[in-house]
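Structure first, commentary second.
The values are calculated or read from the model by the stated rules, or taken from the named source; none is laboratory data. None of the values given here were measured: they were computed from a predicted structure. No Cβ is skipped: glycine too gets one built from the backbone with ideal geometry, and neighbour counts run over all protein chains shown. Keep in mind that these areas ignore ligands, DNA and RNA; they rest on the heavy atoms of the full protein, side chains included. Shrake-Rupley method; radii C 1.70, N 1.55, O 1.52, S 1.80 Å.
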Amino acid sequence: MHDEPSGASETLDAETLIHRHQRGVWRYLRMLGCDDATADDLTQETFLRVLRRDDFVQHNDSATAGYLRRTAYNLLVSRHRKLGRVQTTGEPELLDETWDRWAGKDLTGDAAVEALQQCFQKLTERAQIALRMRFDSSASRVEIGEALGITDHGARNLMQRAKQQLRNCVEEKLQLNNEP
């Protein structure tokens, strides 16, 4: 992670700007509901749009990250309009608040992803299987229940408990990372 310059503007070359912020923009777009390919395209377009601006100034990493997220959000909204899709996406200010709560001072979101991976490993094997089936394979509760030898209601309860354990564990780890 890079320290933020104290009030001074900083000139970044394109490679450094992209290296510092690309993963954060991509993860933000995924948080907004983009699939991998759309997030890839919009992340690239975000940087092209910003780098083509003659008046873009890097004040500090936090301000730049916010500007890039807003640009990505606007490109996503434009894409939905162009494709005639109606998709409700929260207000940008609320999305930024959610992102900041999730990623904290980590511009890329790497700490949150690492925390999630560590916490996932702490779940029981059955809970891991259930969540993988649900989120990797889009399996139904009935399919998950059959695979684990439980009812669909049992699968639902197992996944609810597992998600709550993950949420608590990740929040705890991120809180520890964000403390001064």
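Here are the numbers for the structure shown:
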{"read-out": "Check on Asp40, open to solvent by 20 Å² or more (accessible area, probe 1.4 Å), assigned to a loop (DSSP other than H, G, I, E, B) and out of contact with any His (no Cβ under 9 Å at 6 or more places or on another chain)", "value": "no"}
{"read-out": "Qualifying residues in region 161-180 (those that are among the basic types (Lys, Arg) and surrounded by 13 or more Cβ atoms within 10 Å (Cβ to Cβ)) - the one nearest to Ala111 (Cα to Cα)", "value": "Lys173"}
{"read-out": "Condition check for Leu158: within 22 Å of Val113 (Cβ to Cβ) and either open to solvent by less than 90 Å² (accessible area, probe 1.4 Å) or touching a strand residue (DSSP E or B) at 6+ places or on another chain (Cβ under 8 Å) (or both)", "value": "no"}
{"read-out": "Residues located in region 134-151, provided they are surrounded by 14 or more Cβ atoms within 10 Å (Cβ to Cβ) and at pLDDT below 90", "value": "Arg134, Ala139"}
{"read-out": "Matching residues in region 48-64 - criterion: being touching a helix residue (DSSP H, G or I) at 6+ places or on another chain (Cβ under 7 Å), open to solvent by 10 Å² or more (accessible area, probe 1.4 Å) and of a type in the set (A, V, I, L, M, F, W, C)", "value": "Leu51, Phe56"}
{"read-out": "Within region 59-111, tally of residues that are modelled with pLDDT of 80 or more and among the polar types (S, T, N, Q)", "value": "6"}
